[in-house]
Amino acid sequence: MEFDNDLKPGTRPSDQNGQETYEVIAPGHTYTSVTDKIANVALTNRVSARWMLAVMTAAGVAGLLAVGMGMTFLFGVGTWGNNQPVGWAFGIINFVWWIGIGHAGTLISAILLLLHQNWRTSINRYAEAMTIFAVAQAGQYPLLHIGRHYYAYWMFPLPNSMNLWPQFRSPLMWDVFAISTYLTVSLLFWFIGLVPDLATLRDRSQSRIGKILYGMAAMGWRGSAQHWKRYMALYLLLAGLSTPLVLSVHTIVSFDFAVGIVPGWHSTIFPPYFVAGAIFAGFAMTLILAIPMRKVLHLEDLITMRHLENMGKIMLATGLIVFYGYIMEVFFGWYSSNKYEQWMTFQNRMFGPNAWSYWALIFCNGLAPQLLWKRSVRTSPFWLFVISVIVSVGMWLERFVIIVTSLTQEFLPGMWANYRPTWVDFSIFIGTIGFFFLLFLLFARVLPVISIAEMRELILHHGHGGGAADHHHGDGDGEHQEPIGKGGPGGRKEPARKEPARAPRPRRA
């Protein structure tokens with residue numbers, strides 16, 4: 001994904017020593033240079049062969065999803081590796097994994113906004129997009145898992161003549177309401193934040209089709225004071241609504257297991273460590289997307305090393321919480337003196353037929369993130385990327401361990417059976433990964449991956465000078481953009497110099 005997006009004169013992705021800057025934005029940027037740099041990514045007409053190759057590869061991998069879904073629709077869930085007693089397998093594993101990935105976007109966008117963390121500005125837009133694309137992948141699994149797909153609408157409480165209602169005590173229903181609520185609020189939050197930037201793209205687009213499409217999406221935005229007032233009120237309201245969703249959605253997902261009496265599931269520690277694990281996996285995926293994107297699109301001066309280091313710190317903190325949850329599970333199994341819990345923890349998970357997944361999980365989620373204690377690792381894009389991939393694999397293994405190893409041996413020996421996924425299981429899972437990256441590549445091509453309006457505000461707060469070159473018309477933020485320090489929108493006016501020898505001028509009406 002390579003575009004003509006060279007830096008303006010005076011802007012550079014590094015400081016005076018040639019090292020990447022640890023500021024939230026590299027010095028030298030102005031209102032105009034930030035707008036040009038971000039908008040040109042979406043408005044450029046030249047598309048490189050590497051980007052086309054990436055899109056075709058992602059589309060080819062996403063084709064596996066169509067094959068797997070087609071087999072499931074035609075022949076049923078019997079094509080999956082599910083058996084008795086492992087009735088929940090790849091479907092719920094991948095559902096929980098994708099929902100967890102979507103949590104970082106809401107955390108970055110909503111919670112860090114309410115906490116006035118300005119380092120979120122360069123990463124919130126694509127993190128929000130990542131949330132929507134991840135939840136879209138997760139939402140396919142309940143639909144596929146119900147078996148009778150033509151009755152999927154039964155999962156919603158729709159009035160009907162037979163007075164049939166969903167089973168509200170079913171964890172499947174909880175997931176449906178959690179996904180629909182989370183997706184709706186996240187989509188609104190993402191779109192509202194896009195509106196000022198869509199107006200900027202509308203005003204800068206050189207093609208008639210682009211002006212029409214961006215103009216329709218901008219919904220008549222003109223950057224008036226009334227527009228900004230309503231925008232900020234709605235944006236903060238949606239941030240307040242999104243914040244409890246970070247805690248509630250994955251807590252509800254953890255209840256799928258915690259309310260059951262299956263050994264290995266019936267644990268009160270599931271809700272908090274599921275939430276921490278979701279943020280853990282979400283920031284890992286954010287880094288997986290951010291590190292190549294900032295390199296390919298030449299955005300090192302906007303997504304700086306400070307952003308990467310802060311995300312590494314959050315990964316370390318949430319990884320410690322997750323690792324603490326693993327240790328507590330072992331402690332509960334020993335301290336409870338319950339022979340079933342002890343058998344599940346020690347004989348089955350640690351030394352059973354799927355012990356490889358448990359020890360791989362401990363390495364990926366417990367040991368590998370400890371490297372982030374070193375600042376040299378947290379500030380190395382290569383090692384951050386490697387650790388993020390390891391964490392993503394580990395979080396998938398966590399769901400595998402919780403679900404599969406807990407179900408393989410039921411209470412009766414006649415209900416013991418090992419689980420082996422089929423090619424249809426792998427086809428659907430790998431296909432959702434390809435579909436996710438395909439959506440992200442298309443998003444990065446047609447929409448600004450960084451918020452233009454919020455980056456301008458960041459420049460204002462950090463005192464980067466504008467100069468006369470920053471007078472710009474028609475960028476969707478009002479008819480006239482004043483430079484910083486000249487009394488523009490939110491700017492501070494210089495105190496007027498007193499001239500004692502001159503009489504004060506009369507005020508104009």
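The values are calculated or read from the model by the stated rules, or taken from the named source; none is laboratory data. All figures in this text were calculated on a predicted structure; none of them were measured in a lab. Note that each Cβ is placed from the backbone with ideal geometry, even for glycine, and that neighbours are counted across all protein chains shown. When the accessible area is computed, the model is the full protein with side chains, heavy atoms only, and any ligands, DNA or RNA have been set aside. Shrake-Rupley method; radii C 1.70, N 1.55, O 1.52, S 1.80 Å.
Net charge dipole, the chain: roughly 1300 debye, given to the nearest 20, about the Cα centre with Cβ charges of +1 for Lys and Arg and -1 for Asp and Glu.
Residue-wise HN-Hα couplings along the stretch 345-361, as the Karplus relation 6.51 cos²θ - 1.76 cosθ + 1.60 with θ = phi - 60° gives them from phi, are 6, 9, 5, 8, 6, 7, 9, x, x, 10, 4, 4, 5, 5, 6, 5, 4 Hz; Gly and Pro carry x.
FRET efficiency for the ASN338 to LEU164 pair, using the beta carbon distance and R₀ = 41 Å, is estimated at 0.55. Here is the list for the stretch 72-165: trypsin sites (Lys or Arg not before Pro) lying in DSSP coil, each with at most 10 other C-beta atoms within 10 angstrom of its C-beta, are ARG148.
The residues of the stretch 396-457 expose on average 36 square angstrom of accessible surface per residue, using a 1.4 Å probe on protein heavy atoms.
Once the convex hull of all Cα atoms in the chain is built, its volume per residue stands at 202 Å³. Rounded to the nearest Hz, the phi-derived 3J(HN,Hα) couplings of the stretch 48-58 under the Karplus curve 6.51 cos²θ - 1.76 cosθ + 1.60 (θ = phi - 60°) are 7, 5, 5, 5, 4, 5, 5, 5, 5, 5, 5, where x marks glycine and proline.
Shown for the chain: lysine pairs separated by 8 or more places, or found on different chains, whose C-alpha atoms are under 30 Å apart, numbering 19. Restricting the chymotrypsin sites (Phe, Trp or Tyr not before Pro) of the stretch 159-191 to loop positions (DSSP other than H, G, I, E, B) with no more than 14 neighbouring Cβ atoms within 10 Å leaves PHE168.
For the pair the stretch 125-196 / the stretch 56-93, the C-alpha centres are spaced 19 Å from each other.
Helix 423-446 and the longest principal axis of the C-alpha atoms of the chain enclose an angle of approximately 0°.
Rg then Dmax, both in Å and based on the Cα atoms of the stretch 282-354: 19.6, 58.
When only the Cβ of Lys, Arg, Asp and Glu is charged (+1, +1, -1, -1), the dipole of the stretch 245-318 relative to its Cα centre reaches about 100 debye. Here the 3J(HN,Hα) profile of the stretch 103-116, calculated from phi with Karplus coefficients 6.51, -1.76 and 1.60 at θ = phi - 60°, is 6, 5, x, 5, 5, 5, 6, 8, 5, 5, 5, 5, 8, 6 Hz, Gly and Pro shown as x. Put +1 on the Cβ of each Lys and Arg and -1 on the Cβ of each Asp and Glu in the stretch 100-238; which of LEU201, PRO166, VAL176 then has its Cα farthest toward the positive end of the dipole? Checking the options against the dipole of the stretch 100-238, the answer is LEU201.
Estimated from helices alone, the mean residue ellipticity of the chain at 222 nm is -19000 deg cm²/dmol (sum of -39500 (n - 2.57) over DSSP H runs with n ≥ 4, per residue). With the convex hull drawn around the C-alpha atoms of the stretch 153-198, the volume per residue stands at 82 Å³. Entry note: the stretch 64-215 has Rg to Rh equal to 1.08, where both radii use alpha-carbon atoms and Rh is the Kirkwood radius. Surface composition of the chain: carbon plus sulfur atoms hold 66% of the accessible area, using a 1.4 angstrom probe and ignoring ligands, DNA and RNA. Excluding ligands, DNA and RNA, the accessible surface per residue across the stretch 213-268 is 52 Å² with a 1.4 Å probe. Once the C-beta distance of VAL330 and SER376 is scaled by a Förster radius of 30 Å, the resulting FRET efficiency is 0.40 to the nearest 0.05. Only Cα pairs under 8 Å and 6+ residues apart enter the sum, and on that basis the relative contact order of the chain stands at 29 percent.
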